[in-house]
Every structure is written in structure tokens, then in C-alpha cells.
Amino acid sequence: MTHLTLQAVTKRFNAAYAVDHVDLSVPDGKLVCFLGPSGCGKTTLLRMIAGLETPSSGSVTFAGRDITHLPANQRDFGMVFQSLALFPHMSVAENIAYPLRLRKTAKAAQGRRVTELLELIQLPHMANRPVTQLSGGQRQRVAIARAIASSPKLLLLDEPLSALDAKLREAMQVEIRLLQQRLGITTIMVTHDQREAMTMADEIVVMEKGRIAQVGKPLDIYRNPVSEFVADFIGLGNILPVTLDGRGGVTLPGGQQIVVANPAWVPESTADIRLLIRPEDVCVKHVTTDSYPNHLAGTVTFIRDVGATLEATIDCAGFTLTAATTQRETPGLTLGMPVLAELPAQACKLIAARPLQ
Ligand code: ATP
């Protein structure tokens, strides 16, 4: 069942399009991430769903009802902003109870709900503590508890983790995801962090210049990006300009020729083509005298060994490749070493270079 539907939603600020004809269906109970670079319109789109911004044109429908012009306070949605916007003069429990007070929920019911939520966010012992005395992660949990206190039908999160350090941020990503799944609450989260979107989302909406560049499950987008922009934004990738050789293969920038298996996309013009291969798909091998297809001669010019993974940069005369491997898989790599980089045909994707018009 689709809960939220956007139809040709557009927002202009003066003559500039912040959001440009966005069509989207958000399924019930799922976590959807709006992902894209700064200024691509993620927050404006979220604010139109929240009712904090009115679309210039298009419609927003929720559970079958047109809510395009419904004021924010009548939408029954929970929101958490980047700033969290907790009330500093109130305790943890008072902050969580605030939306219930606004709705004039009976005192006893407020108390029960606050107790339940404090258990849920694992802070029952901190009910009476001022929020100013909490850690970043604890404040985060309180903001989420407050947003879901009145059991909203939709939870909207605008970069809620951006103020946290890397480790806490990763822990909170898992925590929010588990909470969202346990409650089954339809959630939309804005982020510009592709790792965060990959970790948390059922579906990612990649945005580019106010438009949707691609919608899909995280791994589908990672494996089958529709354009160079999406390929570059989602994960690390080797993206090389290539030309078709007319025999089912491509010519690389250094003149080397390789085979690409079953290209999903057939380019119209040779000028528009890029070859994408993810670093984990590049196999680094020691040089042999035999020659095999799709094996390129190169030299190791940089090694980043962080224990769990080993990243090697390989200069292939005409371009460089990044390969992600491990010490175990590829022992004995050293700087300046001649190697063969295998680009397996089935891991090579052809994509369109052209940006959105
Ligand atoms: P960020 O990740 O930096 O928050 P974003 O993807 O959320 O970016 P938006 O904040 O939605 O992007 O902004 C999209 C575009 O609309 C930007 O060019 C921005 O300058 C413009 N914009 C947003 N709000 C307003 C406003 N109130 N008045 C004029 N222009 C605005």
C-alpha cells in the first residue's frame, strides 16, 4: 500500500527551481532516504511533505487524501531537524511529553506514554535530567522519542545525525533503523551521506538539481546506476571515458581494449559513454608472461592499508584504477610493483555520462 504520493511536485524560489516536477510513491512502513549533494532540493522536498513549505505546483497525497495545502500542525507527522530543537529549559520527560501536552492528552496517559518511550530509547533513568546535561547521542534519542510521542503516521528526519561524530553517528544509524523497523513507522530521511543512506534505507531517492535522478533499493542503485552522476555519488567507483570498438568491447583511455558482458544500456552516441567498475571488482594479480583478456598492465602507485581492507591505486598508462582488496587476497603488494588489473567483463557497466538537462 502506498501511503504518501507526490505528483509533479515543484517549488520555485523566484525563477529558480529548488524542486522540479518530482513524482514519488513512498510505501507504507518503509524508510526512504532523500540523498544528494548540497542544494539539490532534499530539504525543500521534505518541508513540502511536512507542510512547512507550499508547492508552487503539483500535489501531495497522504493515505488517499490531498494534503497539499493542509497546515503542518494538522498533518500528524513527526519531525526531527538537524538542530534537534529540544527545549533546553525542560527535562527529558517534559520534552518527550510536549506534543502530548499540545494535544491536551490526559495527564495519566501522558505519563504512561513517556514511560513507554523512555524504555524504548533506553533512557528511563534520565527522565528528570535537563536535556542540556545529555550527550549528543542521548539528545538524539530524546528528539526521536518526542517526534514519535503522539504516534505520527509519518516520521520526517532532516539530517538528524549530522552533528554527531563518526562513531556515534554509525551507532545511531543502526539504532534508528531498528526502532523504525520495530515500530513499522513510514519514515523519510534527508541525508547527503551515501553510506548512511545505504545503511538505513529500504529505498534511496537520489536527487540532482531538484529532480529525481534514480529511485531504488540501495544495492540495486549501487550495482546499476543509471548515470555517471548516480554512479559517482553512490559509493566509490572507477569511472572511465570509453569508446565502443564495434565488436562488443570498449577502448579505454590508454588505448587498451576490453570486453563488457551484456551491457544493460546501449549508448546512442560514443561521446556519452563511461565505463564503471567498482573497486572491489578489480582483481589485482601478479604479472605473468601469459596474456588474458581484460587484464591490464599497471604499476602500484599508492596503497592504503587500513586492516580490514587494502586499497591500491594502479597506474595503467592513460588512467588510474582504484582496487579494493585485502592483505589475505593480495599479499605482498608494494609501491612501484608491476601488476595486472583484471576488469571482469560481467563487472564492467556502461553508463551515460550526460548530466540531467
Ligand atoms: P543541503 O544538503 O545543503 O541542505 P538541500 O539538498 O537540502 O541542500 P535545499 O535546502 O532544498 O537543498 O535547497 C535547494 C535550492 O533551493 C538551493 O539552491 C537553495 O539555495 C534554494 N532555497 C532553499 N530555500 C530557499 C528559500 N527559502 N529562498 C530561496 N531559495 C531557497
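Among the residues making up region 17-36, those that are within 15 Å of the ligand (Cβ to nearest atom) and either touching a helix residue (DSSP H, G or I) at 6+ places or on another chain (Cβ under 7 Å) or open to solvent by 60 Å² or more (accessible area, probe 1.4 Å) (or both) are Y17, A18, V19, H21, V22, C33, F34, L35, G36.
Being among the hydrophobic types (A, V, I, L, M, F, W, C), open to solvent by 50 Å² or more (accessible area, probe 1.4 Å) and in contact with a Leu (Cβ under 6 Å, 6 or more places away or on another chain) is a property that V287 has.
Among residues of region 36-53 that are closer than 15 Å to A16 by Cβ, those with a Cβ under 7 angstrom from a residue that is assigned to a helix (DSSP H, G or I) and near the ligand (Cβ under 6 Å from one of its atoms), sequence gap 6+ or separate chain, pair up as E53/T44.
Looking at this structure, is F81 within 17 Å of L6 (Cα to Cα) and aromatic (F, W, Y)?
Working: within 17 Å of L6 (Cα to Cα): no; aromatic (F, W, Y): yes.
It is false that F81 is within 17 Å of L6 (Cα to Cα) and aromatic (F, W, Y).
In this structure, is T68 more than 11 Å from the ligand (Cβ to nearest atom) and buried (at least 16 other Cβ atoms within 10 Å of the Cβ)? Before you say what the answer is, go through the steps one by one.
Numbers: more than 11 Å from the ligand (Cβ to nearest atom): yes; buried (at least 16 other Cβ atoms within 10 Å of the Cβ): yes.
Spelling it out, T68 is indeed more than 11 Å from the ligand (Cβ to nearest atom) and buried (at least 16 other Cβ atoms within 10 Å of the Cβ).
For region 1-25, residues that are under 18 Å from G78 (Cβ atoms) and out of contact with any Asp or Glu (no Cβ under 8 Å at 6 or more places or on another chain) total 1.
Between T54, T44, the distinction of being within 16 Å of the ligand (Cβ to nearest atom), at pLDDT 90 or above and open to solvent by 50 Å² or more (accessible area, probe 1.4 Å) belongs to T54 only.
Looking at the structure I just gave you, is F62 out of contact with any strand residue (DSSP E or B) (no Cβ under 6 Å at 6 or more places or on another chain) and either within 12 Å of the ligand (Cβ to nearest atom) or among the aromatic types (F, W, Y) (or both)? When the stated conditions are applied, F62 does not pass them.
Annotation note: Cβ proximity below 9 Å between a residue of region 1-23 that is on the phi > 0 side of the Ramachandran plot and a residue that is open to solvent by less than 20 Å² (accessible area, probe 1.4 Å) and within 11 Å of the ligand (Cβ to nearest atom) (sequence gap 6+ or interchain) occurs for H21/G210.
List every residue pair whose Cβ atoms sit under 7 Å apart, with the two residues 6 or more apart in sequence or on different chains, where the first one lies in region 227-254 and is at positive phi and open to solvent by less than 40 Å² (accessible area, probe 1.4 Å) and the second, anywhere, is of a type outside the set (A, V, I, L, M, F, W, C) and at pLDDT 90 or above. Qualifying pairs under 7 Å: G235/Q194; G235/Y222; G235/R278.
For A147, the test of being of a type in the set (G, A, S), on the phi < 0 side of the Ramachandran plot and part of a strand (DSSP E or B) is failed.
Looking only at region 189-233, filter to residues that are in a helix (DSSP H, G or I) and within 16 Å of the ligand (Cβ to nearest atom); which one of those is farthest from D28 (Cα to Cα)?
First, the residues of region 189-233 that are in a helix (DSSP H, G or I): 194-200, 218-223, 228-233.
Adding the requirement that they be within 16 Å of the ligand (Cβ to nearest atom) leaves 194-197, 229-230, 233.
On the way: Q194: 23, R195: 23, E196: 21, A197: 18, F229: 29, V230: 26, F233: 27 Å.
Among those that are in a helix (DSSP H, G or I) and within 16 Å of the ligand (Cβ to nearest atom), it is F229.
Of all the listed residues (R146, R112), the sole one being of a type in the set (K, R), crowded, with 20+ Cβ neighbours inside 10 Å and at pLDDT 90 or above is R146.
The values are calculated or read from the model by the stated rules, or taken from the named source; none is laboratory data. The structure presented is a predicted model; accordingly, all values stated were derived computationally and were not measured. Using ideal geometry, Cβ is built from the backbone for each residue, glycine included, and neighbour counts are taken over all protein chains shown. Areas reflect the complete protein model, heavy atoms only, side chains present, ligands, DNA and RNA absent. Shrake-Rupley method; radii C 1.70, N 1.55, O 1.52, S 1.80 Å.
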